[in-house]
1. So, taking all protein chains as they sit and a 1.4 Å probe, how much accessible area belongs to Cys262, in Å² rounded to tens?
2. Treating only the Cβ atoms of Lys and Arg (+1) and Asp and Glu (-1) as charged, compute the dipole magnitude of the range 326-383 about its Cα centre; round to the nearest 20 debye.
3. To the nearest Å, what is the center-to-center distance of the range 491-560 and the range 386-414, using C-alpha atoms only?
4. Roughly speaking, what is the stretch gain from Lys432 to Arg317, that is 0.36 nm per residue apart minus the C-alpha to C-alpha distance, in nm to one decimal?
5. His170 versus Val279, label points 7 Å from Cα toward the beta carbon: distance in nm?
6. Which order do peptides 305-312, 280-287, 123-130, 77-84 fall in by mean Cβ count within 10 Å, highest first?
7. Which value, in Å² and to the nearest 10, is the accessible area of Ser393 when all protein chains are kept and the probe is 1.4 Å?
8. By the gyration tensor of its Cα atoms, with a ≥ b ≥ c the square roots of the eigenvalues, what is the shape of the range 305-428: rounded for a/c under 1.5, prolate for a/b over b/c, or oblate?
Amino acid sequence: RLLKKGKNLGARSDNDGLNTSVDVGSVAGNTETASVMTAHSNNNNQANDGDPWLEGIENPSLIRYLKSLQKQFLAVNAQLDDNEMELEALAGKHKTLEKTIATKTTQLEELDTKAHEESSEYVAEWQRKVEAAKAAYDRAKEDATGDGGVARLNAEIEECKKKIEEGKSHYVKISQESKEMSTKLEELQRHSELQQKADEAKKAIDQLTLDERAAEQEYKDYVASIRTDMGQMVAAYKTIERQRRETYNKIQDLKGNLRVYCRIKPLGPGEASECVSIVDDMTIRIKDLDTNQHQDHEFDLVIGPKATQEEIFEEARPLATSVLDGYNVCIFAYGQTGSGKTYTMEGPPSNRGINYRTVRELFNVAKERSADYQFHLSVSVMEIYNDKAFDLSSGRTPAKVRWAGDDAGVVVEPLAKKAVTSADDVQEALDKAYASRSIAGTNMNAHSSRSHCVLTVFVTARNLSTNTQIRGKLHLIDLAGSERVKQSGVEGDRLKEASHINISLTHLKTVIGALANKKGHVAYRNSTLTSLLQDSLGGNCKCLMFANISGETKNVPESVCTIKYAAEARKVEVGKVTANVSKAAK
């Protein structure tokens, strides 16, 4: 059957014109094998129950081999069926391809015919154009060889040559301009690139500027916030400090202590400070350069070199204005010559000190109280020079200082008292008095005060409601500077002045020491200065001492002496101070 199908397939392929062949021998071989196996199967059908075609075969190995051949035969037979189907499909595709080839062949023949016709027409057209061009050439040649034709042609040739030369020149010019334009174009391109980069850089810079401005604004806001917080903290600190100081002053009033403020003079050009430093607002530290050790000293207040005259006055203002309440008050500046005592008490016209600011404040407070009190203020100015008192209000009149008892206290006679109604009146009296004050130059100070100057403000007031009378007295004293004769380099009258100054300050130190140690006898009468201060240091009086020191290294020994002096004065207790209030006379 397979052989027959193979022959039929071969016949169909020959009829269709295909060069297709089938391996008939191979198929025949397989068919013969199948026939042999079939024969064996028929011969053994009766001998083998499961496979009759194996009957009669007793060898098991042969039986197994024959069975495996049977399986292979069946597989080959199935494969042949599949191949037959594929051959039929290929035959169908072959017919389709033959039809497609026939169609394409017909199209190619048509295109070839069309192309041949178009090319024939194109050749004929060009032949006509060539003939026309040849005729035109002949006519031009005939015209050229006629009368004047050659000359005209030569002229035209020359004209053409000129035009060619002009064209060359123009070409060269154009080429040059083209090169220049190319160069400029390249430059413009570079410039454009640079401009682009510049624009990008500008954008970056603008962005950075915006970022910077934003950062700057943020920083400013932060700084403003910090400043606000700091301002609030400083205000809170000042409030607490003011309350603390007010409480401290009340305690001091109750105890009756002599208050001591230490003021450090600012350094001048070329001056250096290696020994004096501020620990806090009540402690100063002195360093010994030889031993490299330091010692701390406490005061009621330490005033640094950057403090203003106004700030210093604010610290003394409550004490100074209490004279309007009927208290006796004494404020004096102590220290070596050139340490800033006169600056603290008097000050220059452009930056007044304690004296002017105090009397100005007294008039301001008196004006505020004018609805309840009727105030009268008067002043006197005196100096103690070489242990003698002089009234400076009327030239330089000698005066005597004496103790007039507990009620009257210290009395200076004769002493002119000038009624004043304003701070300017007081300053006028001071300027007139200072013109007569003893001043001279030394190695320590070109304008050294050679005397103790005392400005006294006398206050009387009547309470309009209760008809009581208030009496107060305010001493504002600029002491002469303590100095070492060797350092000051004085001689003659200046030496005598220095000796009296040092002696009077020594007696003041003795009085302060006796008061600090609560001794029964206090030698007030040993000097005119201590006699004048008897009812201030040891009586019913509020007392404030400015200990002025210089922070310059070379002045440390004198500064140490001043600090020790002030520390001793701080121990003085004058007792509870009472106001001088009495019933006014009708």
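1. 0 Å²
2. Details: 6 positive and 5 negative charges, 25 e Å.
It comes to approximately 120 debye.
3. 18 Å
4. Full-extension gain reported as 38.9 nm.
5. Modelled inter-label distance: 10.6 nm.
6. Values: 305-312: 13.5, 280-287: 15.6, 123-130: 9.6, 77-84: 12.0.
By packing density, highest mean first, the sequence is 280-287, 305-312, 77-84, 123-130.
7. 40 Å²
8. Numbers: a/c = 1.63, a/b = 1.08, b/c = 1.51.
Taking the square roots of the gyration eigenvalues as a ≥ b ≥ c, the range 305-428 is oblate.
The values are calculated or read from the model by the stated rules, or taken from the named source; none is laboratory data. These numbers were taken from a predicted model, which means no experiment stands behind them. Cβ: placed from backbone, ideal geometry, glycine included. Neighbour counts: every protein chain shown. Areas reflect the complete protein model, heavy atoms only, side chains present, ligands, DNA and RNA absent. Shrake-Rupley method; radii C 1.70, N 1.55, O 1.52, S 1.80 Å.
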